[in-house]
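Right, one structure below, let's go through it.
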Amino acid sequence: MRKVHITETVLRDANQSLIATRMPFSDFEGILETMDKAGYHSLECWGGATFDSCLRYLSEDPWERLRKIKDKVKNTPLQMLLRGQNILGYRHYPDDVVRKFVAHAVDNGMDIFRIFDALNDFRNICVALDEVLKRNAHAQGAICYTTSPVHTLENYAKLGKELEEMGVHSICIKDMAGICGPQEAYDIVKALKETVKVPVYFHTHGTTGLGPITYFKAIEAGCDGIDCAISSFSNGTSQPPTETLNFALKQAGYDTGLDEDITKEINDYFKPIKEKYVESGQMDPFVMGVETDALVYQVPGGMLSNLIAQLKAQNALDRLDEVLEEIPNVRKDLGYPPLVTPMSQMVGVQAVLNVLLGRYKNVGKEVKAYFKGEYGKAPGEINKELMAEVLGAEEPITGRFADTLEPQFEKAKEQLKGVARSDEDVLSYIAFPQIAEKFFKEREERENITVSYSIVKK
Ligand code: CO
């Protein structure tokens, strides 16, 4: 019986996609030990937006959250999503910070690192990957899926080969928009399986409704594992449901290793928690549904709702169709970047500016930095005339942008003497300076209150 691995995403991607990563540790603490017994390949529980959200909204130390999860999940590997040289933020960090971050993530309990770069420029993931390998953790290299004239089967196979040569333990095809159709998934997985020896995983979202069929075809092509979310936190912008895929795969003769009684227990636990978010309005019914417009526009669901919000704010919602028509043009001018953070925001904002103010009359500073090479190499050809116009006398960087950055960790540590209590605090600060500072201050205050309270009690 062929084994198919299932990764549970309720703690990270489902949480992020459905309720903007607002689930506090206390909401899932009580089910972790049960989740550990279900037979999951891994629990995706950290990285992506969880780090930012812990500090910014939940007054939680993300490192402490990781340690507390590890305390209860002793057998199932923990998995995180790492944005390569961007770590968990939106800009490039120097190599010393990337290495420190990975080292401390391993020390605090992380087992599997899924590492990606928005442009599939692997110069932006090589340092993170190297450090994961050095720390003897599992390094998974991800390829962002998108459609364009340069994203051919040969190209995907070539990217897979590059990752394998870099030493990854496995490869993941990351369809962040849920736009990969079953046949496309079949063809890409097959092309990869014919090219590489390492296991191939597939990640998609339920946004367009394609998810379960896409997974099934990917598995038929030899895919080794998929990401699912427990059913009460599944579908819509989240992942396809764990129990449903488990049921279908077992029926077709695959071994998932999952125990249905335990997944039922997990779902029963999360049902009332979901209800709570729906009632409080934190879970918008919109994100739970199927949004097939993404198939027409090839635009991720999250990007579409951002565009609508932007246009509403400008009192220009009636120009949405024009903006959606402009997006492919902007993407072409930028050399066909996949529409994933931060490229989706960059392309979306520029398309809105082009429609409202005239084509490239106003160029965002992110687009300028992109033309300068600060995000890495574009997958295809950039519009040269436009680039020359935007950059003027400035020369683009052709090397690796992170090579131009000064080491930052020791300097920041020195600067934070008396404030930071650990290297982890220093890393939180480097990632999100203002938010971390506020968090440190609040932590101090909270502890003072607890101390004075216990004195009074005595
Ligand atoms: Co995702």
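The values are calculated or read from the model by the stated rules, or taken from the named source; none is laboratory data. A quick note: this is a predicted structure, and the numbers were derived from the prediction, not measured. Backbone-built Cβ (ideal geometry, glycine too); neighbour counts: all protein chains shown. Calculation scope for accessible area: heavy atoms of the full protein, side chains included, ligands and nucleic acids excluded. Shrake-Rupley method; radii C 1.70, N 1.55, O 1.52, S 1.80 Å.
Values computed for the structure shown
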item: Close pairs from the stretch 383-405: first among the aromatic types (Phe, Trp, Tyr), partner surrounded by 13 or more Cβ atoms within 10 Å (Cβ to Cβ) and part of a loop (DSSP other than H, G, I, E, B), Cβ under 6 Å, at least 6 apart; result: 401/92; 401/374
item: Check on residue 40, in a loop (DSSP other than H, G, I, E, B), out of contact with any Cys (no Cβ under 6 Å at 6 or more places or on another chain), more than 19 Å from residue 171 (Cα to Cα) and more than 16 Å from the ligand (Cβ to nearest atom); result: no
item: Lone qualifier among 250, 217 - being more than 22 Å from the chain's Cα centre (by Cα), more than 24 Å from residue 266 (Cβ to Cβ) and not in a loop (DSSP other than H, G, I, E, B); result: 217
item: Qualifying helices (runs of 4 or more DSSP H) (wholly inside the stretch 94-195; at least 2 residues being within 30 Å of residue 295 (Cβ to Cβ) and not aliphatic (A, V, I, L, M)); result: 153-165, 182-195
item: Residues of the stretch 1-18 that turn out to be under 9 Å from residue 44 (Cβ atoms), within 12 Å of the chain's Cα centre (by Cα) and polar (S, T, N, Q), as a count; result: 1
item: Hits in the stretch 185-206 (condition: over 21 Å from residue 1 (Cα atoms), within 16 Å of the ligand (Cβ to nearest atom) and open to solvent by less than 10 Å² (accessible area, probe 1.4 Å)); result: 185, 203, 204, 206
item: Some residue of the stretch 446-457 being in contact with a His (Cβ under 9 Å, 6 or more places away or on another chain), in a helix (DSSP H, G or I) and among the acidic types (Asp, Glu); result: no
item: Qualifying residue in the stretch 240-263 (condition: touching a Lys or Arg at 6+ places or on another chain (Cβ under 9 Å) and of a type in the set (A, V, I, L, M, F, W, C)); result: yes
item: Single match in 355, 340, 349 (criterion: within 28 Å of residue 203 (Cβ to Cβ) and without any contact (Cβ under 8 Å) to a residue 40 or more places away in the chain); result: 349
item: The stretch 304-319, subset over 22 Å from the mean Cα position of the chain (by Cα) and in contact (Cβ under 8 Å) with a residue 24 or more places away in the chain, residue farthest from residue 179 (Cα to Cα); result: 314
item: Within the stretch 226-243, tally of residues that are more than 18 Å from residue 2 (Cα to Cα) and either within 12 Å of the ligand (Cβ to nearest atom) or assigned to a strand (DSSP E or B) (or both); result: 7
item: Residue match in the stretch 214-225 (condition: within 13 Å of the ligand (Cβ to nearest atom) and aromatic (Phe, Trp, Tyr)); result: no
item: Single unsatisfied condition, residue 373 versus (1) surrounded by 17 or more Cβ atoms within 10 Å (Cβ to Cβ); (2) of a type outside the set (Asp, Glu); (3) touching a residue at least 60 places away in the same chain (Cβ under 8 Å); result: (3)
item: Single unsatisfied condition, residue 74 versus (1) assigned to a loop (DSSP other than H, G, I, E, B); (2) touching a residue at least 60 places away in the same chain (Cβ under 8 Å); (3) open to solvent by 10 Å² or more (accessible area, probe 1.4 Å); result: (2)
item: Counted residues, the stretch 384-407 - those being acidic (Asp, Glu) and assigned to a loop (DSSP other than H, G, I, E, B); result: 3
item: Criterion violated by residue 176 - all others in (1) open to solvent by less than 20 Å² (accessible area, probe 1.4 Å); (2) among the hydrophobic types (A, V, I, L, M, F, W, C); (3) within 16 Å of the ligand (Cβ to nearest atom) satisfied; result: (1)
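To keep it simple, each residue is scored yes or no on (1) without any contact (Cβ under 8 Å) to a residue 12 or more places away in the chain; (2) open to solvent by less than 10 Å² (accessible area, probe 1.4 Å); (3) of a type in the set (Val, Ile, Thr).
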position: 2; (1), (2), (3): no, no, no
position: 8; (1), (2), (3): no, yes, no
position: 16; (1), (2), (3): no, no, no
position: 26; (1), (2), (3): yes, no, no
position: 30; (1), (2), (3): no, no, no
position: 38; (1), (2), (3): no, yes, no
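Conditions (1) in contact (Cβ under 8 Å) with a residue 24 or more places away in the chain; (2) surrounded by 22 or more Cβ atoms within 10 Å (Cβ to Cβ), marked per residue:
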position	(1), (2)
86	yes, yes
95	yes, no
142	yes, yes
152	no, no
166	yes, no
